[in-house]
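One structure is given here, and the rest of the page talks about it.
Any read-out appearing in this document is the output of simple, stated calculations on the displayed coordinates, not a laboratory observation. Note that the structure is predicted; figures quoted are calculated from it, not measured. Please note: Cβ atoms are built from the backbone with ideal geometry, for glycine as well, and neighbour counts cover all protein chains shown.
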Amino acid sequence: MIVYKFRLYPKRAEAEKLETAKEVCRQTYNNLLAELNNGFTKNELQNFLLDLKVVNPEMNGVHSKVLQMENQRLFGNLSSLLALKKKGHKVGRLRFKGKNWFKTFTYNQSGFELTHIRGKKGILWLSKIGDIPIKIHRQVEGKIKNITVKKSNGRWHCSIVTDANPKRACGTKEIGIDVGVMNYIYDSDGKVYENPKHFDKYHSQLKIAQQSLSKKKKGSNSRKKARGKVAKIHEKIANARDDFIHKLSAKLIRESRFIAVEKLNIKNLMSISYNAKNIADASWGKLISYLHYKAENAGCVVQDVDPFCTTRDCSFCGHRNNKLELSQRKFICEKCKRKLPRDYNSALNIFVRGKELASMENASNTGQIVQQEASMKSEAITSNRC
Ligand SMILES: [Zn+2]
């Protein structure tokens, strides 16, 4: 299985149809959930879809298999929930989905056609929607199994799943990772990857070279030479950093099939001046883009997660604690008194949020685990940002 992610550029009429289809799918999911709570089985709900169409004629504007996928999504979420319950996790009920929590719908097996025109230009035809211009930045290999359409930040994208064999193999672990200054990465299995601090290693060399440069006369040959030396050290740092990030991202993909990562706002982090040097050195943005890129070739899922409050929320009881100082490396929950490394707590929060998002964004993946507690927490967070 290979998953390709492409950007869609629908014209106004098609964009409106996509919007309507997404909303109809959300209402269908919620209607099916209501009937599930009344004790209906999967097959009964499949038939119930036909009854729903009679009272909700707008459902006829959506490809029928797309609506059936909502039943799949519902039962996928339910079986993951039961699996967690079996393992002894404290889980709640499936929840009705609000507009902000419903971003995707899926075409499975039929109702689509992808045409490559030339260069990166292509057309994706979707049943009941029409032709949508698509930017195909990589060649699609294999037979297309399903297409999930997604709206995020006002833009439309699609994930195309094919049956082709990935070029590299991914592992079996499912993790969330927190990136930090003290430790480069802390993962939700408790594994730590140290910050390489390449800059520190070369810092003294660089300082001497920069001082020497500043003493040289402008326009002189020796100044030219000194400038070359400074540039060379900068290049060494960049190469060492790049090498480290390449190796680390390859290792993480080799070991895992699911990785939840923070959506980083490097600019905000850089504004905390005493951290700036380390953060620039750590270059997490690059790591995350390498993970995304390598995951596409390996059939591994890398899920972005909003990082708000991941450091403050208790990963055990969900209580939102008062702001932690950056210097405070241990997380101690005010409510349940649980004590664990600060970055480890964040990694656990990132993991459960990532799993929840991944399952909502991919109706066809019935193996995804949904942790209801995480869902409730996340929905509360959306309405109450910190
Ligand atoms: Zn707690």
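As a proxy for reagent exposure, K145, K225 were ordered by neighbouring Cβ count within 10 angstrom, fewest first; the result is K225, K145. With 28 Å as the limit on Cα-Cα distance, the pairs of K97/K247; K225/K251; K120/K143; K225/K247 that go past it are K97/K247; K225/K251; K225/K247.
In which sequence would R223, R168 go, from the one with the fewest C-beta neighbours within 10 Å to the one with the most?
Working: R223 16, R168 13.
Result, fewest neighbours first: R168, R223.
Most tightly packed first, judged by the mean number of other beta-carbon atoms within 10 Å of their residues, the peptides 173-186, 285-298, 329-342 read 173-186, 285-298, 329-342.
Computed over neighbours whose Cβ is under 13 Å from that of E14, the net charge equals +3, Lys and Arg +1, Asp and Glu -1.
Straight-distance candidates among the lysines for linking to K218, with alpha-carbon spacing under 21 Å and chain neighbours fewer than 8 residues away dropped: K207, K229, K232.
A straight Cα-to-Cα reach below 14 Å connects K191 with the aspartates and glutamates E174, D178, E255, D343, residues fewer than 8 places away in its own chain not being considered. Note on the stretch 56-193: along the principal axes its Cα atoms extend 48, 42, 30 Å, ordered by decreasing extent. Summarised as an ellipsoid, the chain has semi-axes of 43, 28, 17 Å, derived from the eigenvalues of the Cα gyration tensor scaled by 5 and square-rooted, with the largest first. ³J(HN,Hα) across the stretch 102-108 via Karplus (A = 6.51, B = -1.76, C = 1.60, θ = phi - 60°), whole Hz, x for Gly/Pro? Going residue by residue, I get 10, 10, 9, 8, 10, 9, 10 Hz, with x marking Gly and Pro. Of K167, K201, K42, the residue with the greatest mean-square motion in the GNM of the chain, using alpha carbon springs below 10 Å, is K201.
List C300, C158, C317 from most exposed to least, where exposure is judged by having the fewest other Cβ atoms within 10 Å.
Fewest-to-most ranking of C300, C158, C317: C317, C158, C300.
The relative contact order of the chain comes to 21 percent, based on Cα pairs under 8 Å that sit 6 or more residues apart.
Between the stretch 150-227 and the stretch 38-60, the alpha-carbon centres lie 50 Å apart.
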